[in-house]
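The structure appears below as structure tokens.
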Amino acid sequence: MDVELRFRTEGNANVIFRIAALHPPRDACPDDPPLNARDADVHGVLEPDWRHSDRPLEQRKFNREMRKKRRELLGAYADTGTLQRAHEFIRAVNQHNLTGQGDTLLRLKKEMPFYQDDETTYNFYINTVADWIPPRHLVEQDLIAIGNDIIDQCNRELRLQESRGKRDTNRHGTSLHATNKALVLRDMESDDPQMSVTLEFKPKWLWQSPHAPEGATRCRTCALRTKRNSEGKKESKTHGVQCPLSLATGEPSLVKDAIEMLVDNHENYVGCRPGWLQPQRTRRSSTFPLQRPAPKSREDLIAILHDHFQKKPDGTKGEGYRVLEGLRNLQRMLDPRGILSYEGDPPDDFLLAMTLRDCSLYVQVHWDSRRVESRLGDLDPKVARGGKLEQWRETERGLLDGRCELELLRLVLRFPGHYS
């Protein structure tokens, strides 16, 4: 198949290119029936859900059982089908083509002081992340071999982006790391807002920091935002504008308020945005439609997401709620002590908890089926090198100092005579 790479976006450590097919595969057989991985999945083996979101250890046991059944299912298919067709099926099931999406991303790493190769990243994803999180809620990825010519061509494209003024000035001069392996990911971008829309945000700290003072009213994410605003620092796009913890409560009114802020912010969309989205990032008044909202409208999107992230009075949990609940319970289990409790390097469980505090959640709504996918990405392993460990400690100390100052100010305002 002939393909071309198109520059998509760039982060601090990676550059993303979109893999676009120019022509259909030359060896495609038009008489062959289309492969649909889901047709053979009669027991939910291929994409098990997060059914034990309140019990991480039970979920891991379930994930492992489903992985074993999955191998049995694929093995049986390979025994009855042709080798090539079985290979196609396995990749359709196990990798980025699972949901029938044709678009794929190539992620290449930049030259960094502490470079971590993609093979290490992929092994961490397969053996650690996927052990705790079910495939249904992961952005699928695969490890592929690439030639040096790919890196050379992509570096030329980066220089071209610089010359055209399309690359951030603080990234000028950085190039890609020479490697023979790279990751391909499913593209969660929505190309047609009449077919689907995709929202992205970082759940961040869904469980309060172990070092937070007793009775702290702000979640760590909101506390950090308040601290940065007080210091005159510009708000980071990756932190979003909503409180992730309010969305994770499942409480209907808090969930609705968080969702409205989410859908009204241009920066939260991946790909095309709905036509009804206002040009300015302004907050609309809360809406409570008395009848079913018009299809594909703002109110329709809010209603779909509200159901997805809600915990109902009868105890029924929306799939999105279970994703956030599962993340929250993993964070609590993996880091019960906090970074300031370790004199030396923290354990692997703490580093995994930090990975889960910095991942992204992609929420894709398919209009026709009204199906919602919630998938976690950006799950690279964290390392306690390159000043990262001290950065985490300084951030935590700064939050503690800020909280102490705020509590003292409250006491001064309440009991001025005692603190004069």
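Read-outs: derived from the displayed coordinates by stated rules, not from any lab. Keep in mind it's a predicted model, so treat the numbers as computed, not measured. Here the Cβ is made from the backbone with ideal geometry for all residues, glycine too, and neighbour counts use every protein chain on show.
Can you tally the net charge around Leu352? Count Lys and Arg as +1, Asp and Glu as -1, for every other residue whose Cβ sits under 15 Å from the Cβ of Leu352.
Within the 15 Å Cβ shell, the charges total -1.
Using 0.36 nm per residue of separation minus the Cα-Cα distance, give me the extension gain between Gln153 and Leu340 in nm, one decimal.
Full extension from Gln153 to Leu340 adds 62.9 nm.
Students often check this: by mean Cβ neighbours within 10 Å, which of 354-365, 192-203 ranks highest, and how do the rest follow?
Put in order of decreasing packing, that is 354-365, 192-203.
With each label point set 7 Å from Cα along the Cα-Cβ vector, what nm distance links Asp358 and Glu251?
3.1 nm
Using 0.36 nm per residue, how much length does the chain from Ser175 to Glu58 gain when fully extended, once their Cα-Cα distance is taken away?
37.8 nm
Determine, for each peptide in 317-329, 127-139, the mean count of other beta carbons within 10 angstrom over its residues, then list the peptides with the highest first.
Most protected by this proxy first, the peptides run 317-329, 127-139.
Pairs Lys110/Lys181; Lys202/Lys382; Lys256/Lys317; Lys68/Lys317; Lys204/Lys227; Lys110/Lys382: which are spaced more than 18 Å apart, C-alpha to C-alpha?
Check vs 18 Å cut-off fails for Lys68/Lys317.
Looking at the P(r) of the range 260-382, how many percent of alpha-carbon pairs lie beyond 23 Å?
Roughly 47 percent, once rounded to a whole number.
What share of all Cα pairs of the range 95-228, in percent, falls into each consecutive 10 Å distance bin?
P(r) for the range 95-228, in whole percents per bin: 9, 25, 31, 26, 7, 1.
Measuring from the lowest to the highest alpha carbon on each principal axis, how far does the range 106-173 reach, largest first, in angstroms?
44, 25, 24
If r is the Cβ-Cβ distance from Ala145 to Thr120 and R0 is 22 Å, what FRET efficiency results, to the nearest 0.05?
The calculated FRET efficiency here is 0.90.
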